[in-house]
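Just below is one structure, and these are the notes that go with it.
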Amino acid sequence: MKLQQHSFNTATSGRNTYNITQKIEQFISESGIKTGLCHVFIHHTSASLMITENADPDVRYDLETIFSRLAPDADPEYRHILEGNDDMSAHIRSILTQTELTLPVSNYHSGLGVWQGVFLWEHRTGRFQRKITVTVTGK
C-alpha cells in the first residue's frame, strides 16, 4: 500500500466556485498509485468542496441562488458578526455542504464521471488563499 499527500493553495476572489479538478487529477497521476482512494480536504470553515456538473455553469449559479435563500448574509438573528456580514452565512453554507470528498482512483486517474468536476466553493465575498490537502492511498 502506498500513500502520497500534497497540499496546495487556491486564490479566491469572492463568492464563487473554482474548478480544482485538474490540480487533483495531476496529483493523482503523479502519485504512482493505480488503484485506490483520493481524499480531498479544505482547511477552512467558510469555504467548502463539491462534486457537481462541470459543463453548464448555470448549475453552480442555481446552487448559489438556493444557498443565498438558505443562509442569507447579514441576517439580524446572527450573533457572530465580528468578521463581516458574510461570515456567519459562510459558516452555515460550509456546514450544509462538505469540507472533504473521497474519489475512487482507477488507472492513475480519478473515477469522476464525464460531467463531474471538483470545485472549491468560496462562501465569503472577499479575497482569500484557501489551503487544500489531497491524500492518495492505494497500490
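Every number in this text was worked out from the coordinates using simple rules, so none of it is lab data. Source: prediction; values computed, not measured. Here the Cβ is made from the backbone with ideal geometry for all residues, glycine too, and neighbour counts use every protein chain on show.
Summary table below
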item	result
Inter-site label distance for I95 and F8 at 7 Å from Cα along Cβ, in nm	3.1
Tilt relative to the chain, helix 87-96 - C-alpha long axis, 0 to 90 degrees, to 10	40
Charge dipole (the chain, unit charges on Cβ, about Cα centre) - positive-most of V105, N19, G117	V105
Cross-link partners of K34 among lysines (Cα-Cα below 24 Å; sequence separation of 8 or more within a chain)	K2, K23, K139
The chain: angle of helix 21-31 to the longest principal axis, Cα-based, in degrees nearest 10	30
Estimated dipole of segment 1-124 in Debye, rounded to 20 [Cβ of Lys and Arg +1, of Asp and Glu -1, Cα centre]	480
Ranking of L103, L49 by count of other Cβ atoms within 10 Å, fewest first	L49, L103
